[in-house]
Amino acid sequence: MPKTTEQTLRRALEANGQRFTEQRAAVFRFLASTDVHPTAEQVFSTVREELPGISLATVYKSLETLVGCGLALKLTFGDDSARYDGRTEPHHHARCVSCGAVQDVMDDIEPPEVEGLGQTVDGFQITGYRLELSGYCPQCARGRKAAVGPR
């Protein structure tokens, strides 16, 4: 792990009363190195190659600790699935309704309706918002076209 990445992890864990462990470091390294928004099971599968003795429960606990320390985002969807994102700065996501893949939306999307809401809505103090676009990823869209056939 590069020194700055490890230092970031150590500082955030310490500031939140958490211990630095090799398991947490391995999970953090993986999240910081990927843009695929993995599930906990996918994180487990990859991290297990580096740490064969790690358990799925430890991966879940490590992910929740990283989320709690502000080092990762937990993306939850209406189907109760969760994916994790190592990129914590504000950004939006697009989710495939067919395969569940999630990708970052790199464009700045600032709907005028959100900007116009001001600081409160019926007494609710707004601190932020999350925009999720849904549709079909390129692979699933190609599969849908092939299944429908030419028009």
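The values are calculated or read from the model by the stated rules, or taken from the named source; none is laboratory data. Computed from a predicted structure; not experimentally measured. Because the Cβ atoms are built from the backbone with ideal geometry, glycine has one as well, and the counts that use them run over all protein chains shown.
Among what's in the stretch 11-46 and is touching a Leu at 6+ places or on another chain (Cβ under 9 Å) and outside any helix (DSSP H, G or I), pick the residue that is nearest to R95 (Cα to Cα).
We begin by selecting, within the stretch 11-46, every residue touching a Leu at 6+ places or on another chain (Cβ under 9 Å); these are 12-13, 19-29, 31-32, 37-38, 40-41, 43-44.
Those still in the list that are outside any helix (DSSP H, G or I) too: 19-21, 37-38.
Details: R19: 34, F20: 32, T21: 32, H37: 10, P38: 12 Å.
Only one residue fits best here, namely H37.
Within the stretch 1-56, the only residue that satisfies the criterion of being surrounded by 15 or more Cβ atoms within 10 Å (Cβ to Cβ), closer than 22 Å to D80 by Cα and either more than 17 Å from the chain's Cα centre (by Cα) or among the small types (G, A, S) (or both) is A40.
Looking at this structure, is A57 in contact (Cβ under 8 Å) with a residue 24 or more places away in the chain and either assigned to a helix (DSSP H, G or I) or on the phi < 0 side of the Ramachandran plot (or both)? Spell out how you get there, then give the answer.
Working: in contact (Cβ under 8 Å) with a residue 24 or more places away in the chain: no; either assigned to a helix (DSSP H, G or I) or on the phi < 0 side of the Ramachandran plot (or both): yes.
When the stated conditions are applied, A57 does not pass them.
Every condition in (1) among the hydroxyl-bearing types (S, T, Y); (2) loosely packed, with under 15 Cβ neighbours inside 10 Å; (3) in contact with a helix residue (DSSP H, G or I) (Cβ under 9 Å, 6 or more places away or on another chain) is met by S62 except one, and the failing one is (2).
When we screen S81, S98 for residues that are surrounded by 12 or more Cβ atoms within 10 Å (Cβ to Cβ) and at pLDDT 85 or above, the only hit is S98.
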